[in-house]
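Asks: Let me give you the structure first, and then I'll get to my questions.
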Amino acid sequence: MNILRGFFTGILFSLALAAVSTALQAPGKNQLAEKTGSASAAEVKRGKTVFDMHCAVCHYVGSTAKKIGPGLKSLTKRGTPGPDGKPLNDASLRAQIEKGGKNMPGFRATLSNQQISDLVSYLKSL
């Protein structure tokens, strides 16, 4: 009887663990889809990879605090003006990434057009 009790306890534990794992993963995917609007989850994921490789050394994504460059949390949602003084949009983000700015190098020669597009999608998802 104790063997059966242990067997069923193990099965119940495994099912509970699987349910919790699924519940924790599902909201993240839905939130990502909601945040990105027209950008696909794949574009945002690739953009995060580009960010981690080229931008994270100077910018925080989870904060508005300055690192070397400004923190980028909610960058497009908080009304931050672009270099031209107007609210940020895809074109102004792309221009900033390509040309650089005050203390930021330009990445036109370093990143492909697709990488820049993916990076813009990622920044808009923050």
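Asks: Round to the nearest 0.05 the FRET efficiency obtained for residue 52 and residue 89 when R0 = 25 Å and r is the Cβ-Cβ distance.
Replies: 0.60
Asks: Further, regarding this structure: From the backbone phi of the stretch 57-74, what are the Karplus-calculated ³J(HN,Hα) couplings (6.51 cos²θ - 1.76 cosθ + 1.60, θ = phi - 60°) in whole Hz, Gly and Pro given as x?
Replies: 3J(HN,Hα) across the stretch 57-74, in whole Hz: 5, 10, 10, 8, 9, x, 8, 9, 5, 6, 9, 9, x, x, x, 10, 4, 6.
Asks: When the gyration tensor of the stretch 39-125 is built from Cα positions, what are the square roots of 5 times its three eigenvalues, in whole Å, from largest to smallest?
Replies: For the stretch 39-125, the semi-axes come out at 17, 15, 14 Å.
Asks: Let's see if you can work this out: charge +1 on each Lys and Arg Cβ, -1 on each Asp and Glu Cβ, no other charges. What is the dipole magnitude of the stretch 53-96 about its Cα centre, in debye to the nearest 20?
Replies: Here the size comes out at about 160 debye.
Asks: How do 122, 60 rank when sorted from fewest to most other Cβ atoms within 10 Å of their own Cβ?
Replies: 60, 122
Asks: What order do you get for 68, 97 when you list them from fewest to most C-beta neighbours inside 10 Å?
Replies: Taking fewest neighbouring Cβ atoms as first place, the list is 68, 97.
Asks: So how far apart, in nm, are the two label points at residue 80 and residue 66 if each is 7 Å from Cα heading toward Cβ?
Replies: Between residue 80 and residue 66, the simple spin-label model gives 1.3 nm.
Each value in this text was obtained by applying a stated rule to the coordinates, not by laboratory testing. The structure presented is a predicted model; accordingly, all values stated were derived computationally and were not measured. All Cβ positions, even for glycine, are placed from backbone atoms using ideal geometry, and neighbour counts span all protein chains on display.
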